[in-house]
1. Spelling out what I want: for every residue of the range 431-443, take phi, set θ = phi - 60°, compute 6.51 cos²θ - 1.76 cosθ + 1.60 (Karplus), and round to whole Hz; glycine and proline get x.
2. Provide the FRET efficiency to the nearest 0.05 for the ARG493-GLU191 pair, computing r from the beta carbons and using R0 = 35 Å.
3. Kirkwood hydrodynamic radius of the range 503-580 from all distinct Cα pairs, in Å?
4. What's the extension gain from SER357 to GLN20 if we count 0.36 nm per residue and subtract their Cα-Cα distance?
5. Compute the signed sum of charges (Lys and Arg +1, Asp and Glu -1) over the other residues within less than 13 Å, Cβ to Cβ, of LEU51.
6. Give me, ordered by chain and number, the residues 5 or more places off ILE35 or on other chains with an amide H under 5 Å from its own placed amide H.
7. Go through ARG69, ARG241 and list them by solvent-accessible area, largest first, probe radius 1.4 Å.
8. Using the Karplus curve 6.51 cos²θ - 1.76 cosθ + 1.60 with θ = phi - 60°, work out ³J(HN,Hα) for each residue of the range 554-565 in order, rounded to whole Hz, and write x for Gly and Pro.
Amino acid sequence: MPSLDVITIGRSSVDLYGGQIGGRLEDMASFDKYIGGSPTNIAAGTARLGLKSGLITRVGDEHMGRFIRETLAAEGVDTRGVVTDPERLTALVLLGIRDQEQFPLIFYRENCADMALCEDDIDPALIADTRAVVATGTHLSHARTEAAVLKALNLARENGARTALDIDYRPNLWGLAGHEAGEERFIESAEVTAKLQSTLHLFDLIVGTEEEFHIAGGSTDTVEALRAVRAVSDATLVCKRGAQGAVAFEGEIPDSLDDGQTGPGFPIEVFNVLGAGDGFFSGLLRGWLTDQDWPTSLKFANACGAFAVSRHGCTPAYPSWEELDFFLNRGIKEKALRKDAELEQVHWATNRLRDWSEMHVFAFDHRMQIEAVCDELDVSRDKIDDFKLLCLRAARQVADGRPGYGILCDGRVGRSALYAAAGSGLWIGRPVEYPGSRPLRLEDAIEPDYGSALSEWPLEHVVKVLCFYHPEDTDEMKAEQEATVTRLFHACRANRLEFLLEIIPSKVAPVTETTSAEIIQRFYDLGVYPDWWKLEPMKTDASWKNACDAITNNDPNTRGIVVLGLEAPTEELAASFEVAAGHDLVKGFAVGRTIFAEAARGWLSGEMTDDEAVSNMAGKYQGLCQIWDEARAKTRKGAAA
């Protein structure tokens with residue numbers, strides 16, 4: 001059986017979306033970067049919906065090409081068909097949201113990588129490994145790319161795979177309009193109509209807007225255009241009608257579009273129409289390739305289109321299967337879907353990139369503690385930055401390129417290590433709290449405008465904050481700390497950054513088996529949904545169960561928990577790991593001083609060389625990883641028995 005459900009072929013670009021809403025592209029001051037291009041969007045959109053998808057395209061041998069490849073892989077898209085072009089640049093598109101009807105865009109596609117796609121890029125083995133192939137119209141506009149598409153389609157049909165076409169008509173990409181006409185959706189062209197009609201017999205499914213069927217059928221009367229397409233193709237025709245939904249025609253075209261098969265629509269507020277068709281097609285494919293009837297498939301498609309027009313960006317707006325199911329069961333509560341807090345939480349939590357089901361984190365984000373060692377030894381604090389580079393060396397040595405490893409590192413006295421870790425494959429957490437502060441205060445670099453400060457952070461950095469909070473705190477203390485955490489949480493979401501909340505109530509007052517669970521519930525009640533929790537090493541199974549239940553009852557899609565160390569001896573940590581590892585929500589540990597304390601003192605005092613310090617830390621870190629892995633394996637073996 002093929003391992004893939006669908007392969008899409010064609011455009012692949014980087015979308016640079018204007019961050020300001022309601023203005024001209026000329027007035028945009030910042031841009032958000034997403035993957036783009038219809039086939040690329042559809043590949044990611046179908047992967048989010050649980051289909052196994054792949055993409056055939058070309059990208060440049062540069063940063064933007066790597067961004068597309070890495071993002072696709074993180075979304076779960078098979079990239080075997082993504083060819084790196086050594087000569088051409090990845091395509092770019094600049095887009096904006098001017099108002100409810102104007103969405104300016106500029107295509108930067110002169111001699112771009114994806115338009116160099118050729119027959120040699122089509123691997124018959126890859127085509128044989130899919131149940132369906134989806135082509136898009138732009139790649140029929142050039143002889144070289146057309147040959148590649150036709151090869152893939154013919155191979156698919158020989159293999160018994162399904163074939164589909166997204167007409168995806170962009171007049172200026174067919175050379176019918178200039179660069180300023182990126183928004184233009186229809187220009188009559190007998191040549192384009194003839195080209196499209198020469199290929200329509202190759203498809204089992206053809207999807208387009210009314211204007212796109214006008215170009216495919218050679219008539220501006222939609223019924224006549226559909227009949228012209230039917231004359232050369234037996235495909236099911238799905239015509240998108242904007243706010244009126246969509247209709248499917250399996251046989252003869254009736255006199256009225258209203259007589260086609262339809263699915264329920266979703267009356268929501270339109271925010272951004274760009275990429276809506278790709279979201280629609282993703283939902284349609286989820287239904288078609290799981291053999292749903294057309295009304296059900298159109299329901300999926302209409303809902304996915306509704307998500308797309310409600311949010312910023314194309315692919316980032318598309319739902320996961322869990323989110324779509326949640327939406328269809330719960331219904332619309334807020335017509336501006338991006339303002340529906342409950343829905344947005346499901347969207348965020350079920351569309352995170354990368355799998356972090358195991359966590360072995362070396363935490364060397366400490367500032368106050370290492371500064372104190374420097375002062376005690378009478379050495380310059382400037383040496384801390386170099387020491388943290390040694391910590392990073394130790395972390396990378398132990399990780400050895402494997403997934404499930406990470407670091408906690410600050411940007412004040414550990415900036416060199418923090419920057420050097422970029423793109424290493426390590427999970428990267430970065431603290432924002434002023435060390436030891438209570439009530440919680442953030443570092444000067446974050447104050448006073450959290451959102452502006454965090455806008456400078458790379459998206460792979462996870463915002464970590466430690467709050468010394470206890471249920472028995474005064475109302476004033478609680479209010480101040482809660483306000484800071486809540487404000488920080490919303491700043492993280494606004495900047496697309498994951499958030500880790502660390503709580504250590506035992507440093508404030510005595511704790512019981514419910515203390516951590518009470519604090520966790522309080523923050524959820526405030527609307528704070530951390531991606532990660534960092535909890536102290538609790539000694540009883542009941543304490544862990546209460547904490548885990550408090551999290552899953554509020555957020556079943558959380559990333560999970562990591563256990564902190566509190567400079568505990570290895571033997572004590574081993575005992576706490578054994579208790580924590582019995583709970584699946586606990587993904588691993590984030591331990592620091594137990595690993596680096598000896599090396600920090602030795603290296604800063606000059607008694608250890610660089611290599612000796614790295615070896616010392618790597619040994620301790622590796623030992624903790626082994627202890628955790630053995631504890632996890634033991635609990636899983638016990639559960640299986």
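1. Each residue's phi maps through the Karplus curve to give x, 10, 6, 6, x, x, 6, 7, x, 4, 10, 8, 4 Hz.
2. That pair, ARG493 with GLU191, gives E of 0.15.
3. 12.9 Å
4. 117.7 nm
5. +1
6. Residues meeting the criterion, in which the H sits 1.01 Å from N, are ASP15.
7. From most exposed to least exposed: ARG69, ARG241.
8. Couplings: 9, 8, x, 9, 4, 5, x, 10, 10, 8, 8, x Hz.
The values are calculated or read from the model by the stated rules, or taken from the named source; none is laboratory data. Quantities reported herein were computed from a predicted structural model and do not represent experimental measurements. All Cβ positions, even for glycine, are placed from backbone atoms using ideal geometry, and neighbour counts span all protein chains on display. Side chains are part of the model used for accessible areas, which takes the heavy atoms of the whole protein and leaves out ligands, DNA and RNA. Shrake-Rupley method; radii C 1.70, N 1.55, O 1.52, S 1.80 Å.
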